Amino acid sequence: MKLPGCFSLQGLRRGVLVFCVGSGLTVGAGDVAYAEDDDDLAAIKAQIRQLEGRVLAIENRRHERLSQERGRLPSPERNVRSSSGAKAASSRMVTRNMTASKSDIAFHDEQKPVPFFHMGASFPTGMNSRQPASAPEKQGMDLSSSSPLAITQTDVDRLPPVFSIGNISVKIGGFLELSNIWRDSNMTSGPATAWNNFPYANSPNHGLSEERLSSQLSRLSTLLEANPTPSTRLQAYIESDFGGAGGTTNSVQVNGYTPRLRQGYFTFTQNDWGFHLLMGQAWSLTTAYAKGVLPRSEQLPAVTDNNQIPGITFTRVPQIRIGKDWGQKYWLALSIEDPQATVAYSSSMTSGGRLPAVGAESEGPRVYYSNSGGVLLNPETQYTDNPVPDIVLKGAVDTSSGHYEVFGLARWFRSVIQSPGASHTHKDTQFGGGVGGAMTVPLGTPKLQLAGNIIAGEGIGRYGPSLLPDTTFNSRGQLTPIPELRGALGLIGHPDKSVLLYAYGGVETAGRRRYTAADGHQYGYGVSDQNLGGCDVEFGTCNAQTRTLASFTTGGWWHFLDGQWGSVMGGVQYTYIRKFAFRGNDGMGNSVYPTTSGNTVYVTFRYLPFQ
């Protein structure tokens, strides 16, 4: 029977090939047939290949649309599936009459083992997914947030995998940086400003400008990801720069600076439970967040100085963090973090020394509170003897009007004391901590955002960039936490998708913890009987203790080059800081309040090859 739209080729050996252009493909096969007309057969084969190519193109587009809706791009092995209408068999010939319509032509994924090492593909997105998914296209740099990860960290999450090892995808991020730093007082510092160290006028470095080029903040990061089940994700993240300096480091010959660990942690996430676990070195949970409380979503100011700005609460520490979310809207997290403490005293006081006598005593207590670093620690610095880790508990909520969070911080400080006249020592532990909060809100438009944070408490100095002291000693040798208040408020604007502008104000202030010894002088922190008349005289003596630091910072970034070879952006920043000391006297009964100020200017260029 002859079908409409079909034609047949009869071979020399009784084989018949029937091709139906309008309704599909039907093949009847006997012995191998050789066409009498090679030209006609070649033309037919060309038509078949052309139709197959068109079908493949249509199916490819359909699968890409479906895959984008599912959030992944599959890489299927495509085959034509035909439906049988009738069949017959014989010892020499099997004839099949097949009627296939266009709707019968389909493609399916062939499940194949994942290669152990695969370049340029991300592996599974769910449980039992043995088929590698095509790598997502590289996304452009995002400067629209109040804390763009491309500036504050490395934005490695938005990048496609470079390669995969088994079921683990590997992403690489980072940038090369060159900064030119200028300060109006010499602090002999790299691209991180010790805000509390701006000298008073008694120092020859006051007013002696400092200019320095540095590439130390060039950064490299690696993110490894795996999905054992559709709702489970494992991640490991490591990030480093060259902000370290070894004993032989110098800038005379080759400017060789050592790599340092910024972050290094792994996370476990179970989305069905809303459960999150982090172990390793990461930004402290006290740091403000732009959304939730998950790592790499911190609300860090988009500044160029590696020491942030005065008023911000942050640190990077080893920690164990457990978190829970409810619908990715409400968050609760608990973090146990590595403790260290800063100690200040109005006179020279090293661990193992004696404090001044009080009352009728002939000598003061001997106090031990720190030791030099041992194996794998820095032997040139002191490590305080704290009994337990710091504990941070934070709650956060994400709403249409912004992100809000509150947290509590608990700390413990320990000293070993030999009381006057005693032949043995005893341990003493004091409690400190504070409460704080943060917010990130849009101001009527996504192009303008307000970000702020605040913390108040006792013994919280370590969590600020100015490193005001955590503790001092009382008359009995106990480590007494110093009261402190710290806060910052920033305005972030986006006049263009490639431009970010910011302005921040910040303040850190400390209270008094002092006592009067048997010699009639005050000791501790915030004493008011010191002769500070030399603070404003060159080469004068100045032992002023910082009461308040206030700062103003403004700057911006311009992402001016973007393409398949990476991105280039530049940044400019200016910071003014004012330092106020506790009141003293000038030696003639007059009160003096020493102050000093500092100005810094940064010009920074970054090349981001992976963005």
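The values are calculated or read from the model by the stated rules, or taken from the named source; none is laboratory data. Just so it is clear, the structure is predicted and the values come from calculations on it, not from any experiment. Neighbour counts are summed over all protein chains in view; Cβ atoms, including those assigned to glycine, are modelled from backbone coordinates with ideal geometry. For the accessible areas, the whole protein counts, side chains as well, though only heavy atoms, and no ligand, DNA or RNA atoms are used. Shrake-Rupley method; radii C 1.70, N 1.55, O 1.52, S 1.80 Å.
To the nearest µm²/s, what D does Stokes-Einstein give for the range 281-346 at 20 °C and 1.002 mPa s, using the Kirkwood radius over alpha carbon pairs as Rh? For these conditions, the coefficient is 158 µm²/s.
By the gyration tensor of its Cα atoms, with a ≥ b ≥ c the square roots of the eigenvalues, what is the shape of the range 476-539: rounded for a/c under 1.5, prolate for a/b over b/c, or oblate?
oblate
Out of the range 524-561, which chymotrypsin sites (Phe, Trp or Tyr not before Pro) are coil in DSSP terms and have no more than 16 other C-beta atoms within 10 Å?
Values: sites: Tyr525, Phe539, Phe552, Trp557, Trp558, Phe560; in loops: Phe539.
Taking the range 524-561 and a limit of 16 other Cβ atoms within 10 Å, the loop chymotrypsin sites (Phe, Trp or Tyr not before Pro) found are Phe539.
A 1.4 Å probe run over the range 426-500, with the rest of the protein chains in place, finds 38 Å² accessible per residue. Net charge in the neighbourhood of Glu337 (other residues with Cβ under 13 Å of its Cβ; Lys, Arg +1, Asp, Glu -1) is +3.
Of the chymotrypsin sites (Phe, Trp or Tyr not before Pro) found in the range 305-406, not one falls in a DSSP loop while having at most 10 other beta-carbon atoms within 10 Å. Counted by Cβ distance under 13 Å from Pro420, the other residues give a net charge of +1, where Lys and Arg count +1 and Asp and Glu count -1. Directionally averaged projected area (the range 241-391, Cα convex hull): 14.0 nm². Of the cross-linked pairs Lys447/Lys497; Lys291/Lys329; Lys171/Lys291, those separated by over 20 Å at the C-alpha level are Lys171/Lys291. Counting only protein chain heavy atoms and rolling a 1.4 Å probe, the accessible areas of Asp390, Asp536, Asp385 rank, largest first, as Asp536, Asp385, Asp390. Does anything in the range 316-358 have its amide N under 14 Å from the 7 Å Cα→Cβ label point of Thr188, and if so which residues? Backbone N within reach: none found. Scaled against 2.2 N^0.38 Å for its residue count N, the alpha carbon radius of gyration of the range 352-449 is 1.78.
If the segment from Glu64 to Leu443 were pulled out straight at 0.36 nm per residue, it would be longer than the present Cα-Cα gap by 132.6 nm.
Of the peptides 411-420, 261-270, 55-64, the order by per-residue mean of other Cβ atoms within 10 Å, starting with the highest, comes out as 411-420, 261-270, 55-64.
Please state the relative contact order of the range 196-250 as a whole percent: Cα pairs under 8 Å, 6+ residues apart? This gives 28 percent for the range 196-250.
Where Lys and Arg each count +1 and Asp and Glu each count -1, what net charge lies around Phe580 among other residues with Cβ under 12 Å from its Cβ? Charge balance near Phe580 sits at +3.
Expressed as a fraction of 2.2 N^0.38 Å, the value expected for a compact globular protein of N residues, the C-alpha radius of gyration of the range 429-573 is 1.48. Phi angles of the range 262-276 translate, via the Karplus equation with coefficients 6.51, -1.76, 1.60 and θ = phi - 60°, into HN-Hα couplings of 8, 9, x, 8, 10, 10, 10, 10, 10, 5, 4, 8, x, 9, 9 Hz per residue; Gly and Pro are given as x.
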